[in-house]
Amino acid sequence: MQAVLNKSKTVKRFIDLFFSSIGIIITIVPMMFLIIVASISTKSFGIFKQIRLGEQGIPFHIFKIRSMKIHQSENTFTANNDNITSFGAFIRRYKLDELPQLFNVFVGTMSIVGPRPDVPEVIHGLMSSDKEFLKSKPGLISIATIRYLDEEQLLATKSNPTDYYLKEIWPKKVKMNLEYTSNWSNLNDLKIMGEFLRKLVK
């Protein structure tokens, strides 16, 4: 059983390398353009890094295109924030700020598909049983990504976006992450990728 699991993980790593390489080749020029515009609009370097918890709860740096003014936390839950630039709101709406994470996938700290990595403060607040999804490598896209593709727009309608996220959305994401980890297979990963692309172009 362990040998089969190891073989499946090797296949998953090959899939990650294949798709992240293609993604980087296709998006590197537009990514550089987005970084330059982000640098101008935020008056700071257009890429920032943030500590997230990865596989087995090991911290790593995630990379994103900056969407907010310098010295402001990028960990806001809603697009309805005065610190987000107009360009930042655009790239967040279409998930373009996540493009640099293709490099995270390429080097192996993330996968194409897996639970979205979160900040330590949020993860540490979970019960031990709810942290089981940390056995999976975090991903660029997940079941929760598809379910909450318009998350920021939804939160923008709430009087207290942070409270709503932590009480209403986050528990559902945890449940989806646990289900993903329990039922993981490369076939399921490919299905999630296909569903994400279908939703994105819909």
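The values are calculated or read from the model by the stated rules, or taken from the named source; none is laboratory data. Please read all numbers here as calculations on a predicted model, not as lab measurements. Note: ideal-geometry Cβ built from the backbone for every residue, glycine included; neighbour counts use all protein chains shown.
Every residue, every condition in (1) of a type outside the set (D, E, K, R); (2) modelled with pLDDT under 95; (3) more than 30 Å from N6 (Cβ to Cβ), yes or no:
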| residue | (1), (2), (3) |
| --- | --- |
| V37 | yes, no, yes |
| S67 | yes, yes, yes |
| S86 | yes, yes, yes |
| Q101 | yes, no, no |
| V105 | yes, no, no |
| V113 | yes, no, no |
| E121 | no, yes, yes |
| I141 | yes, no, no |
| Y148 | yes, yes, yes |
Failed criterion for D189 (all others in (1) more than 23 Å from F106 (Cβ to Cβ); (2) at pLDDT 95 or above hold):
(1)
In region 81-121, what residues are aliphatic (A, V, I, L, M), assigned to a helix (DSSP H, G or I), touching a residue at least 12 places away in the same chain (Cβ under 8 Å) and more than 21 Å from N160 (Cα to Cα)?
I91, L96, L102, V105
Out of region 15-54, which residues are farther than 20 Å from F87 by Cβ, assigned to a helix (DSSP H, G or I) and aliphatic (A, V, I, L, M)?
I15, L17, I22, I24, I25, I26
Could you tell me which residue of region 126-150 is surrounded by the most Cβ atoms within 10 Å (Cβ to Cβ), considering only residues that are out of contact with any strand residue (DSSP E or B) (no Cβ under 6 Å at 6 or more places or on another chain) and in contact (Cβ under 8 Å) with a residue 60 or more places away in the chain?
P138
Which of the following residues is closer than 30 Å to N188 by Cβ and touching a Lys or Arg at 6+ places or on another chain (Cβ under 7 Å): S44, S128, S111?
S111
Give me the pairs, please: first residue somewhere in region 27-54 and over 18 Å from F90 (Cα atoms) and touching a residue at least 24 places away in the same chain (Cβ under 8 Å), second residue anywhere and among the β-branched types (V, I, T) and assigned to a helix (DSSP H, G or I), beta-carbon distance under 6 Å, and either six or more positions apart or on two chains.
L53/I123
Within region 159-177, is even one residue in a loop (DSSP other than H, G, I, E, B) and surrounded by fewer than 19 Cβ atoms within 10 Å (Cβ to Cβ)?
yes
Inspect region 128-151 for any residue being more than 14 Å from the chain's Cα centre (by Cα) and not in a helix (DSSP H, G or I) and give the result as yes or no.
no
Criterion first (at negative phi and surrounded by fewer than 12 Cβ atoms within 10 Å (Cβ to Cβ)) does T109 satisfy it?
no
